[in-house]
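Asks: Starting off with a structure, shown below.
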Amino acid sequence: MSTAYERQPSPKSEAFLASVENSKYDRQIITGLQKFFDGKAPANMRDLYSPVELQTLRELRGTPKDVEKRMPVKVTRHYCEQAKKSAPMRTLIKATPAETVDLDGAPDPGRQMDYSPVEGLIHKYELGLIYVASTCSAHCRFCYREELIARKEVERPDGTMAPKGLAQIEEIVRYILKHNAEVRANGGTHPQTGREKLREILMSGGDPMVLSNSNLASWLSALAEAGIEQVRIGTKEMAFFPDRFDATFMDMLDKFHAAYPGVQLRMMVHFNHPDEFLQMDDAGGYIDDPAGGLTWLPNTRRAVAELGKREWLSIDNQAPIIKGINDDADALRIMQRELRRHRIENHYFFCGRDIVGHKAFNVPIEEAWRILNNSQKGLSGVEGHALLSITHYKGKTEVVAVTNQPIKGVAHSERGVIIFKLLRSAKDAPDKGKVAIAGRNPSAIWFSGYTDRVVFDELGLFDEYIALEKKAQAPTPMQLAAVE
Ligand code: SF4
């Protein structure tokens with residue numbers, strides 16, 4: 001049935017889409033462990049796993065500890081080749097039995113389904129996030145979208161269970177048009193949610209760069225014509241397969257910009273470690289670039305340089321700090337410096353989320369803060385302005401500081417305190433900037449590690465976890481009956 005918010009693609013959009021050229025890409029992907037088990041992986045990728053590792057993983061197949069049920073295995077030849085010289089890259093891409101030893105974690109991290117008014121859209125903050133793909137060219141073992149990529153069923157607000165679906169252009173455009181019309185009619189904020197106009201969309205997944213240029217162009221023009229002013233493309237393709245950023249992709253971007261010059265594009269890239277983009281010698285050392293800095297992999301350098309020529313487009317890096325991959329201040333310092341040298345801003349570093357299996361990947365929160373803080377010693381202001389963020393279901397929260405000295409007269413501060421600040425609130429903009437302070441717990445990997453030592457909490461950051469603990473400790477009806 002047609003509604004007032006049906007999309008009517010303009011002649012400009014049709015002309016743009018007709019001009020887009022697609023390429024075929026030979027990523028040489030291995031999907032799943034079976035090819036490794038059977039010895040059928042290409043010769044130059046076969047030795048990613050040792051025979052002993054394969055035997056251990058084979059024994060877990062079909063059991064509750066099956067690593068591929070938690071997160072499917074996928075790797076590109078480009079990443080595999082570079083990983084030969086890099087232990088952190090191997091840790092990022094290789095399945096290990098450790099990841100299913102403890103399967104504790106949230107099936108829907110960040111409670112995204114509570115903020116999903118349309119399938120495939122998360123409208124939690126002032127920007128909307130859309131899932132446009134459910135896979136990437138390769139899969140990080142720590143992936144915080146493992147529920148989407150492994151197609152797991154998650155609980156909806158109405159109690160039903162279903163895998164997360166992908167966004168559909170018509171439905172998303174209809175939602176944006178309707179939402180923004182209601183905001184306009186209400187004088188600038190939405191009558192039910194209090195949110196402002198939806199101006200910005202993050203295309204995510206999975207990785208949008210697994211889509212064809214035509215498919216990406218369809219999304220871009222539809223969002224532009226729905227009134228979106230900024231589109232972010234969240235991608236790790238620069239690490240997994242930099243050749244995807246070829247001339248046909250750049251041509252599509254240029255044509256989009258020519259057709260919709262008012263829409264800003266932001267490439268949100270995802271490098272975890274400098275090994276992913278720097279050339280290494282046989283001993284794994286970086287190579288000085290005679291022109292300054294360090295020598296990049298030629299195809300990554302080319303892709304970044306091409307994006308960098310387009311002054312109407314910004315490039316930002318954001319990445320989680322993960323155990324055994326980049327919990328290394330020296331590596332992060334090199335990465336931040338090199339990225340900034342090549343026009344890539346250092347945006348956020350994240351603490352790992354409470355995904356299923358997170359205990360195998362998460363660095364303690366205080367340790368992550370210390371690592372990032374140390375990594376930024378010696379960086380200039382423009383190189384080292386990334387924040388450490390941890391995503392609470394209430395909103396994006398910054399780990400502002402970790403102190404070492406007791407504060408006289410303040411309970412729980414014997415070893416110092418940790419300070420959190422709300423950067424972006426899911427619902428209530430007035431909460432932005434509010435803080436929570438807790439006594440230190442160096443082994444905490446999630447907010448639940450601080451419930452017994454809260455010093456100050458104007459945010460209610462710990463309320464739910466305290467309530468959960470009280471509920472768990474309350475006597476059961478059977479225990480109460482036994483007492484009576
Ligand atoms: S690139 Fe992002 S979405 Fe894809 S597997 Fe890695 S963490 Fe997950």
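The values are calculated or read from the model by the stated rules, or taken from the named source; none is laboratory data. Given the structure is predicted, the values throughout are model-derived calculations rather than measurements. A quick note on method: Cβ atoms are made from the backbone with ideal geometry, for glycine too, and the neighbour counts reach across all protein chains shown. Ligands, DNA and RNA are stripped out before the accessible areas are found, and what is left, the full protein with its side chains, is counted by its heavy atoms. Shrake-Rupley method; radii C 1.70, N 1.55, O 1.52, S 1.80 Å.
Asks: Output the antiparallel fraction of DSSP beta bridges having both residues in the chain, as a percent to the nearest 5. Let's see the in-between values first.
Replies: Working: 32 of 61 bridges.
Around 50 percent antiparallel, to the nearest 5.
Asks: Same structure, new question: Rounded, prolate or oblate: which fits the stretch 343-439 when a ≥ b ≥ c are the square roots of the eigenvalues of the alpha-carbon gyration tensor, with rounded for a/c under 1.5 and prolate only if a/b beats b/c? List each step's numbers first, then the result.
Replies: Numbers: a/c = 1.33, a/b = 1.13, b/c = 1.17.
Because its axes are fairly even, with a/c under 1.5, the stretch 343-439 counts as rounded.
Asks: Now for a separate question. Would you mind getting the accessible area per residue of the stretch 36-125, heavy atoms of the protein chains only, 1.4 Å probe, in Å²? Could you put the intermediate results ahead of the total?
Replies: Numbers: 3930 Å² over 90 residues.
On a per-residue basis, the stretch 36-125 sits at 44 Å².
Asks: Just check the chain against the gyration tensor rule for me: Cα atoms, a ≥ b ≥ c as the square roots of the eigenvalues, rounded for a/c under 1.5, and otherwise prolate or oblate depending on whether a/b exceeds b/c. The partial results should precede the final answer.
Replies: On the way: a/c = 1.38, a/b = 1.11, b/c = 1.24.
The shape class here is rounded.
Asks: In terms of modelled amide H atoms, which long-range or inter-chain residues lie less than 5 Å from the amide H of V400?
Replies: Counting only residues 5 or more places away or on other chains, the set is I419, F420, K421.
Asks: On to the next question. Estimate the FRET efficiency between K377 and D288 by the formula 1/(1 + (r/R0)^6), using the beta-carbon distance for r and 25 Å for R0, to the nearest 0.05. Walk me through the numbers before you get to the answer.
Replies: Numbers: r = 22 Å, r/R0 = 0.88.
The computed FRET efficiency comes out at 0.70.
Asks: Taking square-rooted eigenvalues a ≥ b ≥ c of the alpha carbon gyration tensor, is the stretch 394-484 rounded, prolate or oblate, where a/c under 1.5 means rounded and, failing that, a/b exceeding b/c means prolate?
Replies: Values: a/c = 2.83, a/b = 1.50, b/c = 1.89.
Oblate shape, in that a/c is at least 1.5 and b/c is the bigger or equal ratio.
Asks: By per-residue mean of other Cβ atoms within 10 Å, what is the highest-first order of 180-192, 205-217?
Replies: On the way: 180-192: 12.7, 205-217: 21.2.
Peptide ranking by packing, descending: 205-217, 180-192.
Asks: Another question, then. How much of the DSSP bridge set in the stretch 264-384 is antiparallel, in percent, rounded to the nearest 5?
Replies: Within the stretch 264-384, antiparallel bridges account for around 30 percent of the total.
Asks: Next question, about the same structure. For the stretch 23-92 and the stretch 266-319, write down the distance between their C-alpha centroids in whole Å.
Replies: Centre-to-centre (Cα) distance: 25 Å.
Asks: What order do you get for 371-381, 399-409, 69-79 when each peptide is scored by the mean count of other beta carbon atoms within 10 Å, highest first?
Replies: Numbers: 371-381: 15.8, 399-409: 13.3, 69-79: 21.5.
Per-residue mean Cβ counts within 10 Å order the peptides as 69-79, 371-381, 399-409.
Asks: Also, quick follow-up: In whole Hz and in residue order, list the ³J(HN,Hα) couplings for the stretch 437-447 that follow from phi through the Karplus curve 6.51 cos²θ - 1.76 cosθ + 1.60, θ = phi - 60°; x for Gly and Pro.
Replies: Result, rounded to whole Hz: 10, 9, x, 5, 9, x, 9, 5, 10, 7, 4.
Asks: How much mean residue ellipticity at 222 nm does the chain get from its helices, if each DSSP H run of length 4 or more adds -39500 (n - 2.57) and you divide by all residues, to the nearest 500 deg cm²/dmol?
Replies: Working: 16 runs with 145 residues, N = 484.
Estimated from H runs of four or more residues: -8500 deg cm²/dmol.
Asks: Excluding ligands, DNA and RNA, what is the solvent-accessible area per residue of the stretch 339-437 at a probe of 1.4 Å, expressed in Å²? Could the numbers behind the result be given before it?
Replies: Values: 4170 Å² over 99 residues.
Normalised by residue count, the accessible surface of the stretch 339-437 is 42 Å².
Asks: Going through the DSSP H helices of the chain, which span 30 Å or more along their own axis at the Cα atoms while scoring at least 0.5 as a mean Kyte-Doolittle hydropathy? Write down the numbers at each step before the final one.
Replies: On the way: long enough: none.
Qualifying helices: none.
Asks: With a 1.4 Å probe and every protein chain kept in, tell me what percent of the accessible surface of the chain is carbon plus sulfur.
Replies: On the way: 11140 of 21100 Å².
So the carbon and sulfur contribution to the accessible surface is 53 percent.
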